[in-house]
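The values are calculated or read from the model by the stated rules, or taken from the named source; none is laboratory data. None of the values given here were measured: they were computed from a predicted structure. Because the Cβ atoms are built from the backbone with ideal geometry, glycine has one as well, and the counts that use them run over all protein chains shown. Remember, those area values only see protein heavy atoms, side chains included, never the ligands or the DNA or RNA. Shrake-Rupley method; radii C 1.70, N 1.55, O 1.52, S 1.80 Å.
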Amino acid sequence: MLPVEDLLWVAYYALLAAAVVAGGALLLLHFLRGRSVAVQLAVQGAATVLATISGIVVISFMMVLNDHDRAVVLAVVTAAAPVALAVSVLLGRRLVAANRTLVDAVRADRFEPPAAARLPAELAELSRELEAAYERLAESHRREQALEASRRELVAWVSHDLRTPLAGLRAMAEALEDEVVADPATVRDYHGRIRTEVDRLAEMVDDLFELSRIHAGALRLSRARVGLADLVADAVAGTEPLARAKGVRLHGGVSEALPVQVDASELGRALRNLVVNAIRHTPGDGTIEVTGEVRGGEALVTVADACGGIPEADLPRVFDVAFRGESARTPGGGAGLGLAIARGIVEAHAGRIGVTNAGPGCRFVVHLPLPAP
C-alpha cells in the first residue's frame, strides 16, 4: 500500500495533467461555441478520455511501472476511448435531431408540438412553453382581428351618423345665409335645431374620446369612497327628463347603505349610459328599474328595462363597439358607443358587466368589488 504522502503526490500530478487537458478543451470549446452541439459533445468526450489517459501516464511513471504493464494500461484506456467518443457523438446527433424537429415545428404555419418521447426533458419543456406562447399569440391575433373589424365598423357607422347631422347643419346654415328663411319664428326654430345637432355631435365626439382613452389604457381613475345609493340616485336623476319625454317610468333605489371605492364621475357615466340605453329601447309607458344590492361579496347594480328582449345571437355582441343590433340607422339613436364605454369603465374598476333577457326586457348587471374594511 502506498504511503499517504505518495498518494497525495499522485493525485496532485494526475489533477495537474487533467487540468492541462481541460484547459485546452475549454479553449477549443470557446472557439467552437457557435458550432453544433454534436461537435461540442465530441470535444467534451475526447477531453474526458485524454484527461484519463494523461492521468494514467503520469501515475505509471510515478509508480515506475515496466514498459509491459504501462502498455497494457494504456491499451485498455485507449480501447475505451472510441466508446466514449461514440457515446458523445450519438448523444450530440440525438440532440441535433431533436432540435431540428423543434425548429421545423416552430417554422410551420401552426405550431404542432413534437411527441414528448422524441425530445429530451429540457427540449420537451421548451416545446410546451412554445405551444403556450403560440396559443397566446393566436388569441392576441384573434383579438386584434376582432378589434380591427370593430374599428372598421365604427368608422363606417360613425361616418354615417356624422353625415346626417352635418348635412342638416349645412342645409340650415345655407338657408339662413341666403335668407331663404326670414321670418323670426322659423329662424328661431332653425337656431334651436342647429343647437340640438351641435349638442349631438359634441356628445358623439366626447364618446369617441372616452372610448379611445379606454382602449389606450389612458383612463385614470380618482377613486373615493362613495355611497352606491348616491350613484344610483344621480344616474336616475340625470336621465329622468329623457324618460319623462318618452313616457317611460323610471325608478331607482338601493336596499341598504353601501359604500364603494370608485371614481364617482366615471362610474356615474357608465350607469347613465346603461339607463339611457334602457330608455332608448323601452317603449312608451314602459318601466325601468335601477337597483343596487350586495350579493356574493360584490356590489351589484341592476338596470332592468322593458325592451322586449335581445336575440340570443346578439347577446355576446351587445357591448361591442358600435353594435346596435339593427341594420337600419336612425337619427338620434346614438353612435352605439354607450355600452362599450360602460363596459370599459366597469372593467377599469376591476368589475364586470353582463346582460340577460328577463321578463319583458333585458337585465344589465354591473358587478363591483367591495372596498376593504
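Side notes on the structure shown:
- The single residue among E135, E197 that is over 29 Å from the mean Cα position of the chain (by Cα), assigned to a helix (DSSP H, G or I) and among the acidic types (D, E) turns out to be E197.
- Residue check, I279 out of contact with any strand residue (DSSP E or B) (no Cβ under 9 Å at 6 or more places or on another chain) and part of a helix (DSSP H, G or I): no
- Qualifying residue in region 212-224 (condition: of a type in the set (A, V, I, L, M, F, W, C), within 18 Å of G361 (Cβ to Cβ) and part of a helix (DSSP H, G or I)): no
- From R170, R200, R213, R223, residue being over 30 Å from S255 (Cα atoms) and open to solvent by 80 Å² or more (accessible area, probe 1.4 Å): R170
- A105 being assigned to a helix (DSSP H, G or I), modelled with pLDDT under 80 and not acidic (D, E): yes
Table: residues versus (1) of a type in the set (S, T, N, Q); (2) modelled with pLDDT of 70 or more; (3) open to solvent by 50 Å² or more (accessible area, probe 1.4 Å).
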site: H30; (1), (2), (3): no, yes, yes
site: L50; (1), (2), (3): no, yes, yes
site: V57; (1), (2), (3): no, yes, no
site: F61; (1), (2), (3): no, no, yes
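- Boolean, V260 is more than 24 Å from P360 (Cβ to Cβ), surrounded by fewer than 17 Cβ atoms within 10 Å (Cβ to Cβ) and of a type in the set (A, V, I, L, M, F, W, C): no
- Residue within region 273-294 that is touching a Phe, Trp or Tyr at 6+ places or on another chain (Cβ under 8 Å), open to solvent by less than 30 Å² (accessible area, probe 1.4 Å), modelled with pLDDT of 90 or more and not polar (S, T, N, Q) present: yes
- Of everything in region 9-24 that is more than 11 Å from G55 (Cα to Cα) and either touching a residue at least 24 places away in the same chain (Cβ under 8 Å) or not in a helix (DSSP H, G or I) (or both), the residue that is most open to solvent (accessible area, probe 1.4 Å) is W9.
- Residue within region 339-348 that is closer than 30 Å to E148 by Cβ, in contact with a helix residue (DSSP H, G or I) (Cβ under 9 Å, 6 or more places away or on another chain) and either at pLDDT below 85 or part of a loop (DSSP other than H, G, I, E, B) (or both) present: no
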